[in-house]
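Throughout, read-outs are computed from the coordinates displayed, never taken from laboratory work. Predicted model only: the values in this text are computed from it and were never measured. When we count neighbours, we look across all protein chains shown, and the Cβ atoms used for this are built from the backbone with ideal geometry, even at glycine.
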Amino acid sequence: MVDKKVVIVGGGVAGAILAKNLQHQANVTLIDPKEYFEIPWANLRALVEPSVAERIVINHREYFTKGDLVTSSAVNISETEVFTEDGTQIAYDYLVIATGHKEPIPKTRTERIDQYKEGNEKIKSASSVLIVGGGPTGVELAAEIAVDFPDKKVTIVHKGSRLLEYIGPKASSKTLKWLKSKKVDVKLEQSVELDSHRDGNKTYLTSLGETIEADAHFLSIGKPLGSAWLRETFLKDDLDAGGRVKVDEYLRVKGRDNIFAIGDITDVQEIKQGVYAQAHALLVAKNLKLLTEGGGKEQKLGTYKAQAPISIVSLGRKIGVAQLPFITILGRFPGIIKSGDLFVGKTRKGLGLEANVKKA
């Protein structure tokens, strides 16, 4: 029997996990503009400890050994094919859209690791650092710098009324108190006029007219969804007002029997984070195995339920803040769960790799 053709667009968390789990059950093609998968929830640690990048930036071919890899961006789809920027056309029986968020990062693993080294040098050479954005990325970056480089002056500027607005106010207030204990200056309900800053000028102006002196800055605001390309395809009406793909309980695009969407790009009403993207991928891997085997197994398809708003934000190497179903806590317990290794070893093992990179 000829294997069914499954095309996965996007090599982030959801796409990579799906490709790894499905490669021996179908004829899988993974389309991604970069040659590697990156463990995103550990990338801020790599800025203060560049050797971490060697573990979190993983060439697709390390875990995806059987299927076809197309290093390009998808630009269009028909009901039977995917078209890429480099002119490749790939036929599919089943299509999975996993393009997550759009981020301008380099094509090769070496270039990406070099970016982390450059970021680390930027931090080390600065006596003061400005972080624009007080969501999970901005907070975790501030914490990493404050813990590893306690002599540096760190400032967060956030346009919202509280930090970490994607979770509850208790987590926000506990995190703010902890950051202040580490001498991090937090300025809320303000934005930074980055245009007011020029190379060589270390002064930044906020929307309230305050000035901030900083040797370096990092922009830690939300990334745009990776769905703009779908607006030019026959799936344009399957996006909601925010650009997310509308899916059913099987994570199929609503009204489509052979097209799925997984990860941050879906309209599933839950916090968009890696652990849930992994769960999407594992469910769709199971469902596609049933569908590609044939024999009328559709009634056995697994369903997905939106997850409770649980989240752990790492605050340096030992401490974390956790929002759990009935309690919000800050301290060593959430730090033990996440902050030490940031699930890197566990994620690598899930891809069939050693927890650590063997040195040549």
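Below are the figures for this structure:
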item: Helix 274-293 axis, angle to the chain major axis (alpha carbon atoms, nearest 10°); result: 0 degrees
item: Distance between modelled label sites at residue 357 and residue 241, nm, 7 Å Cα→Cβ extension; result: 4.5 nm
item: Cα-centred dipole magnitude for the chain, charges only on beta-carbon of K, R (+1) and D, E (-1), debye, nearest 20; result: 1420 debye
item: All-pairs Cα distance distribution in region 179-329, expressed in whole percent, bin size 10 Å; result: 8, 25, 24, 22, 14, 5, 1
item: Label corresponding to Rg/Rh (Cα atoms, Kirkwood Rh) when calculated from the structure given, among (1) 1.08; (2) 0.99; (3) 0.96; result: (2)
item: Extension gain (nm, one decimal) between residue 127 and residue 102, 0.36 nm per residue minus Cα-Cα; result: 5.9 nm
item: Label point distance in nm, residue 173-residue 349, each placed 7 Å from Cα along Cα→Cβ; result: 3.9 nm
item: Simple spin-label estimate for residue 189 and residue 286 in nanometres, 7 Å along Cα-Cβ; result: 4.7 nm
item: Highest to lowest packing among 167-174, 315-322, scored as the average C-beta count within 10 Å; result: 315-322, 167-174
item: Relative contact order [Cα under 8 Å, 6+ residues apart], region 12-128, whole percent; result: 31 percent
item: Dimensionless Rg ratio for region 217-301, taking C-alpha atoms and the 2.2 N^0.38 Å reference; result: 1.23
item: Sum of side-chain charges, residue 172 neighbourhood, beta-carbon under 11 Å (Lys, Arg +1; Asp, Glu -1); result: +3
item: Taking the chain and dividing mean pair separation by its residue count, relative contact order in percent (alpha carbons under 8 Å, at least six apart); result: 18 percent
item: Cβ-based net charge around residue 224, under 10 Å, with every Lys or Arg adding one and every Asp or Glu removing one; result: +1
item: Size-normalised alpha-carbon gyration radius of region 21-150, reference 2.2 N^0.38 Å; result: 1.29
item: 5 angstrom amide H check on residue 217, placed H, neighbours 5+ away; result: 130
item: Amide hydrogen neighbours beyond the local backbone of residue 68, cut-off 5 Å, H modeled; result: 28, 29, 30
item: Cα-based Kirkwood hydrodynamic radius, region 127-213, one decimal, Å; result: 13.1 Å
item: Among 103-113, 342-352, the order from most to least packed when residues are scored by Cβ within 10 Å on average; result: 342-352, 103-113
item: Size of region 55-97 as Cα extents on the principal axes (Å, biggest first); result: 37, 20, 15
item: Length released on extending from residue 65 to residue 223, taking residue separation times 0.36 nm less the Cα-Cα span; result: 53.9 nm
